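S.K.: Sharing a structure with you now.
Every number here is computed from the coordinates shown, using simple stated rules; none is lab data. The shown structure was predicted, so the numbers you read here are calculated from the model rather than taken from an experiment. FYI the Cβ positions are ideal-geometry reconstructions off the backbone, even for glycines, and counts take in every protein chain you see.
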Ligand code: CP
């Protein structure tokens, strides 16, 4: 067992601790299915809790026993590198037993329905289930059938809540602020395949809830109709969208979700929507660059930009992902662990 002591809440948040309701009222949800439905203070609560795990993850020994004896199942029905590994590492660092179920080698391949798979996982008495699925809404379907908390690790074009949380935490850490005030009026550009992207959707919900000035940029065919209703400003001209931007978040083309031809050619897409050093120069001089991965270097982002030592936050995003997932797992199992105030 490690002697690591979980650090207290960050100073600024501790000072404002009363703005978080006590106990389970701070996060009254049974699972984490999306950013939609979360209040701004609940998002900030998750970020502050995640911040406490960042330090542990930088220690030589990265393990506590908070979730000892609990079983977490990662059920991934769609490919993943970052999210799957990150949830696995998060669960193990919290002391839980973590089991990964890959759809490619499961009975899903033999025709088992999603509901039957859910009932099977439930019968194994998991304490939390993390699900990625190619269909929007599949995670909620499973959540409604099981007794334990469910965490959405990305469902179709719908939501990827832990990605948005890790992105917000990365922004907060790299721009060196705590609490939520630094998000207010922050100029963020999200550029790429907005239509098919669950990352875009969750980030729009989270960043607008926190008061950021969010611009979305995409070719007309990849911009959802009525996107303005999500309190963002749409652009088709990337150069214009970049003017004064403080955060530039690039997205890949989600070819696996496209039916038909959405762009004339990758070369033309790169010309109009790729982030090159010259284009980044249109943004704020200190603008930071983000990408959820996996990246298509030379299409939506040039390697020279992706690998910028100070301004590219791409590896920092991965690091924050583990902390955010530890926070989500720890918070959502408080009720099952009988923590005071979380009955
Ligand atoms: N960002 C993200 O969800 O990456 P993976 O598909 O590798 O999990």
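S.K.: Could you give the length gained by full extension between residue 281 and residue 97, i.e. 0.36 nm per residue of separation minus their alpha carbon distance, to one decimal place? Display every interim value, and only then the final one.
M.R.: Numbers: separation 184, 0.36 × 184 = 66.24 nm, distance 4.70 nm.
So the chain would gain 61.5 nm between residue 281 and residue 97.
S.K.: Would you calculate a helix-derived [θ] at 222 nm for the chain, using -39,500 (n - 2.57) for each DSSP H run of n ≥ 4 and dividing by the full residue count, to the nearest 500? Write down the numbers at each step before the final one.
M.R.: On the way: 12 runs with 116 residues, N = 343.
Mean residue ellipticity at 222 nm (helix-derived): -10000 deg cm²/dmol.
S.K.: Starting from 0.36 nm per residue, how many nanometres of slack lie between residue 144 and residue 177 once their C-alpha separation is accounted for?
M.R.: Working: separation 33, 0.36 × 33 = 11.88 nm, distance 3.74 nm.
Fully extending the segment from residue 144 to residue 177 adds 8.1 nm.
S.K.: Just the number, please: Stokes-Einstein D of the chain in µm²/s, Kirkwood Rh from C-alpha pairs, 4 °C, 1.567 mPa s. Let's see the in-between values first.
M.R.: On the way: Rh = 20.6 Å.
Taking Rh from Cα pairs, D becomes 63 µm²/s.
S.K.: Shifting gears a bit: Rounded, prolate or oblate, given the Cα gyration tensor of segment 150-252, with a/c below 1.5 counting as rounded?
M.R.: oblate
S.K.: Continuing with this model, one more query. So how tilted is helix 40-56 from the main axis of the chain? Cα-based, degrees 0 to 90, rounded to 10.
M.R.: So the inclination is approximately 80 degrees.
S.K.: With a point put 7 Å past each Cα toward its Cβ, work out how far residue 237 is from residue 41 in nm, to one decimal.
M.R.: 4.3
S.K.: Here's another thing I want to ask about it. When only Cα pairs under 8 Å and 6 or more residues apart are kept, what is the percent relative contact order across the chain?
M.R.: On the way: 640 pairs, mean separation 66.5, N = 343.
Once divided by the residue count of the chain, the mean separation gives 19 percent.
S.K.: Let me ask something else about it. On a full-extension model of 0.36 nm per residue, what is the gain between residue 134 and residue 184, subtracting their alpha-carbon distance, rounded to one decimal in nm? Could the numbers behind the result be given before it?
M.R.: Numbers: separation 50, 0.36 × 50 = 18.00 nm, distance 3.31 nm.
Stretched out fully, the residue 134 to residue 184 stretch lengthens by 14.7 nm.
S.K.: Extending each Cα 7 Å along its Cβ direction at residue 85 and residue 304, get the distance between those two points in nm, one decimal.
M.R.: Placing both labels 7 Å along Cα→Cβ, they lie 2.8 nm apart.
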